[in-house]
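Worksheet for the structure shown next.
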Amino acid sequence: MDETFSSIVWAVVLVGAVVSIYLARRHRRLRIKRLLILELLKGYFQGDMPADQLAQRAREITGRGFMQTTEFYSLAVAAFQRAIDAKLADQSHSREEERKLLGLFAALKNQFGLTDRFQVEAWRAGRE
């Protein structure tokens with residue numbers, strides 16, 4: 001009886017260790033992919049590459065599944081906001097630069113189909 005209990009405890013400890021190692025490696029891999037996507041988006045909003053090339057490189061890094069998540073959308077919005085903040089920090093920004101960034105964001109949303117999946121519901125009369 002005592003040996004059986006000891007074997008069960010060691011098996012649970014071993015399974016726990018394997019699961020924790022797996023989760024740690026998975027988290028690290030996802031973090032690296034997120035950082036790579038953020039760098040791609042940063043380059044895109046700086047004008048380094050067109051939207052179709054960005055889409056191709058992003059799919060090579062993460063696959064299609066990630067491109068259809070809210071996490072990717074939030075990364076795109078964050079990169080767009082950083083680009084806007086960088087332009088607005090410089091006092092010599094112009095409306096043309098703002099239009100260019102908005103156009104890039106619109107092209108990005110169209111390329112990945114983000115406009116169809118993520119729509120902001122505005123307040124409507126009669127809805128509370």
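The values are calculated or read from the model by the stated rules, or taken from the named source; none is laboratory data. Note that this is a predicted model, so its numbers are computed, not measured. Quick reminder, even Gly has a Cβ in these numbers, built from the backbone with ideal geometry, and neighbours come from all protein chains shown.
Which ones in the range 40-57 are surrounded by fewer than 20 Cβ atoms within 10 Å (Cβ to Cβ) and not aliphatic (A, V, I, L, M)?
The answer is 42, 43, 46, 47, 48, 50, 52, 53, 56, 57.
Scan the range 57-101 for residues that are at pLDDT below 85, closer than 15 Å to residue 42 by Cα and among the basic types (Lys, Arg) and jot them down.
Scanning the range 57-101 gives a single hit, 87.
Tally time: how many residues in the range 42-58 are more than 16 Å from residue 31 (Cα to Cα) and either in contact with a Phe, Trp or Tyr (Cβ under 9 Å, 6 or more places away or on another chain) or among the polar types (S, T, N, Q) (or both)?
Here the count works out to 8.
What number of residues in the range 71-107 are out of contact with any Phe, Trp or Tyr (no Cβ under 7 Å at 6 or more places or on another chain), over 15 Å from residue 36 (Cα atoms) and part of a helix (DSSP H, G or I)?
Of the residues in the range 71-107, 19 are out of contact with any Phe, Trp or Tyr (no Cβ under 7 Å at 6 or more places or on another chain), over 15 Å from residue 36 (Cα atoms) and part of a helix (DSSP H, G or I).
For the range 22-54, how many residues are of a type in the set (S, T, N, Q), farther than 14 Å from residue 100 by Cα and either touching a residue at least 12 places away in the same chain (Cβ under 8 Å) or in contact with a helix residue (DSSP H, G or I) (Cβ under 8 Å, 6 or more places away or on another chain) (or both)?
Summing the residues that are of a type in the set (S, T, N, Q), farther than 14 Å from residue 100 by Cα and either touching a residue at least 12 places away in the same chain (Cβ under 8 Å) or in contact with a helix residue (DSSP H, G or I) (Cβ under 8 Å, 6 or more places away or on another chain) (or both) in the range 22-54 gives 0.
In the range 28-56, how many residues are within 13 Å of residue 108 (Cβ to Cβ), of a type in the set (D, E, K, R) and at pLDDT below 90?
Result for the range 28-56: 1.
For the range 61-111, name all the residues that are surrounded by 11 or more Cβ atoms within 10 Å (Cβ to Cβ) and of a type in the set (Asp, Glu).
71, 97, 98
Being among the charged types (D, E, K, R) and under 19 Å from residue 111 (Cβ atoms): is that true of residue 3 here?
On the way: among the charged types (D, E, K, R): yes; under 19 Å from residue 111 (Cβ atoms): no.
Answer is no for this residue.
I'd like the full set of residues that are without any contact (Cβ under 8 Å) to a residue 12 or more places away in the chain and among the small types (Gly, Ala, Ser), limited to the range 55-69. Break it down stepwise before answering.
If we filter the range 55-69 for residues that are without any contact (Cβ under 8 Å) to a residue 12 or more places away in the chain, which is where we start, we get 56, 59-60, 63-65, 69.
The answer is 63, 65.
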